[in-house]
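Visitor: Sending over a structure as structure tokens; questions will come in a sec.
The values are calculated or read from the model by the stated rules, or taken from the named source; none is laboratory data. Only a predicted model underlies this, so the values are computations on that prediction, with no experimental measurement involved. With ideal geometry, Cβ positions are generated from the backbone for all residues, glycine too; neighbour counts draw on all protein chains shown.
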């Protein structure tokens, strides 16, 4: 049976599944229930200075898929609205009761050295395993000079990280904002400041929809609304890209990464780990389905690892990183074309419609006397774009087959058609 235990930035945990800093980790009651369910760690909901933040009602909205499941989740909730003293007391009690679980504490205070010095020392006294610096909150807190207002300025990221490393012996994880042009810049700043790890992504600026009767965005607070932080399955592709950017950047290579963003099952977690993450954090899935989802996550990941011969998380961590590159280094002479399995084809025509209307007119339609249609790919016109494979509702009906071009691999920097080849 695969070993799911990890050591992330010096923090040990029985498995890589941690609850992210959010409502599920707001108090001891929640955290203890999470540990009872089997979570390997938590990042305690962000602490701040007293007086505590004041939240509004309502706070959440969502985007749903065709099956009615939550695909995107939006929130305008702020950091903890409980006193610092109460939180610190509960963190200490939980860590004593659960010494084998990772307890990391998220922090956000004014961008002043004394404020950070004071709070990191207070947290250190609780026996917590690490600190996570919240430089990503996109709503409410940036207006006060915190959250994303820090994370979007590399100099601030480096400065605050260095303060925390100066005044605390605990591992420091910097939580990065995705609301930035190049995630690598902030990650580099965190590393320069001495960060032991980074976590990403925090939530994305969003408005999930408009109530067209009352003409106000959701969630609605007395007839008004504001942008919030977007998370859930819809943000996973964005998160994976940003994790991969940091994992393959020469300046941040080797910096531990805690992956966050749309993780709802074991496969999601495995993908983040394959792109370099050493732990994964979950929020939306736990809020929608409850803490017990971690049981399937653990068993699913363990079973998959067994099937692949991976004995530990480290055996496949980062294996996808070398295969992730810049577009200009892809092989221009690699070619695939679509092939339709006529035995599986139901004649729905979705492949034909998509290709004919929006792509390369590479699928031929044949009408039969019985009123049915069949479809064939025109190899000479097919560019291997995958649209037909993606739009086909029958699994395995359309596959992309590799063609032997007889040409040696050649990337765009070597391609004579590239007018800037010499500069590349």
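Visitor: Condition test on residue 345, is it touching a strand residue (DSSP E or B) at 6+ places or on another chain (Cβ under 8 Å), part of a helix (DSSP H, G or I) and either more than 20 Å from residue 243 (Cα to Cα) or assigned by TED's automatic domain parsing to the domain that holds residue 250 (or both)?
Guide: When the stated conditions are applied, residue 345 does not pass them.
Visitor: Can you tell me which residue is farthest from residue 319 (Cα to Cα) among those in region 277-294 that are in contact with a strand residue (DSSP E or B) (Cβ under 7 Å, 6 or more places away or on another chain) and surrounded by fewer than 24 Cβ atoms within 10 Å (Cβ to Cβ)?
Guide: 288
Visitor: What is the residue count in region 406-416 for residues that are within 14 Å of residue 331 (Cβ to Cβ), over 37 Å from the mean Cα position of the chain (by Cα) and surrounded by fewer than 10 Cβ atoms within 10 Å (Cβ to Cβ)?
Guide: 1
Visitor: Please tell me if residue 212 is within 30 Å of residue 58 (Cα to Cα) and in contact (Cβ under 8 Å) with a residue 12 or more places away in the chain.
Guide: no
Visitor: Let me ask something additional. Given the conditions (1) surrounded by fewer than 20 Cβ atoms within 10 Å (Cβ to Cβ); (2) out of contact with any strand residue (DSSP E or B) (no Cβ under 8 Å at 6 or more places or on another chain); (3) more than 18 Å from residue 183 (Cα to Cα), which single one is not true for residue 241?
Guide: So the condition that residue 241 fails would be (3).
Visitor: Return the residues of region 348-377 that are free of Cβ contacts under 8 Å to residues at least 40 places away in the same chain, closer than 10 Å to residue 338 by Cβ and not in a strand (DSSP E or B); say none if nothing qualifies.
Guide: 355, 362
Visitor: If you don't mind, there's one more thing I want to ask. Looking only at region 218-256, which residues are free of Cβ contacts under 8 Å to residues at least 24 places away in the same chain and at positive phi?
Guide: Passing the criteria: 222, 223, 254.
Visitor: Would you confirm whether any residue within region 95-107 is crowded, with 17+ Cβ neighbours inside 10 Å and in a helix (DSSP H, G or I)?
Guide: Scanning region 95-107, I find at least one residue that is crowded, with 17+ Cβ neighbours inside 10 Å and in a helix (DSSP H, G or I), so the answer is yes.
Visitor: Right, here's the next one. With respect to residue 307, determine if the residue is farther than 29 Å from residue 400 by Cβ and assigned to a helix (DSSP H, G or I).
Guide: It is false that residue 307 is farther than 29 Å from residue 400 by Cβ and assigned to a helix (DSSP H, G or I).
Visitor: Of 53, 34, which residue is in the same structural domain as residue 170 (by TED's automatic domain parsing) and not in a loop (DSSP other than H, G, I, E, B)?
Guide: 34
Yes/no per residue for (1) touching a helix residue (DSSP H, G or I) at 6+ places or on another chain (Cβ under 8 Å); (2) surrounded by fewer than 18 Cβ atoms within 10 Å (Cβ to Cβ); (3) in the same structural domain as residue 255 (by TED's automatic domain parsing); (4) not in a helix (DSSP H, G or I):
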residue	(1), (2), (3), (4)
170	yes, no, yes, yes
174	yes, no, yes, yes
181	no, yes, yes, yes
188	yes, no, yes, no
202	yes, no, yes, yes
208	no, no, yes, yes
213	no, yes, yes, yes
